[in-house]
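The values are calculated or read from the model by the stated rules, or taken from the named source; none is laboratory data. This one's a predicted model, so the numbers in the text were calculated from it and none came from an experiment. A quick note on method: Cβ atoms are made from the backbone with ideal geometry, for glycine too, and the neighbour counts reach across all protein chains shown.
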Amino acid sequence: MGNRTQAQRDAVTVEIGYALVTGMFLAAGLFVLCAAPVLVLGLVGGAARGVLVVAATVAGLGFVTRVVRVLWRFGGGPRVLPGRPGRNGPGA
């Protein structure tokens, strides 16, 4: 893994926690939004089950997308470009 300082390990831990918590909130919101027709329209039986399956799928995809995006951006922090000492990342 390499030699990481305690501060770097703590930053990774906090970022993972942030990604998971915000992912859970996003998933809950998406589920409620997609499942609302079941309550609003009074769907029953197969229609309700279908809407709930779609809602769960959308919520799961939203969760995974949020976690991956947060962690990807964290891992892609500022980098020093070769041949340009002191300048970080694109547009710096």
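Miscellaneous remarks
- When residues of the stretch 3-62 are limited to those that are aromatic (Phe, Trp, Tyr) and more than 14 Å from PHE74 (Cβ to Cβ), the one surrounded by the fewest Cβ atoms within 10 Å (Cβ to Cβ): PHE25
- Selection count, the stretch 17-50, where residues are of a type in the set (A, V, I, L, M, F, W, C) and within 10 Å of the chain's Cα centre (by Cα): 7
Each row is one residue, and each column tells you yes or no for (1) at pLDDT below 90; (2) aromatic (Phe, Trp, Tyr).
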{"site": "GLY2", "(1), (2)": "yes, no"}
{"site": "VAL12", "(1), (2)": "no, no"}
{"site": "ALA28", "(1), (2)": "no, no"}
{"site": "PHE31", "(1), (2)": "no, yes"}
{"site": "VAL38", "(1), (2)": "no, no"}
{"site": "ALA47", "(1), (2)": "no, no"}
{"site": "ALA56", "(1), (2)": "no, no"}
{"site": "ARG69", "(1), (2)": "no, no"}
{"site": "ARG79", "(1), (2)": "yes, no"}
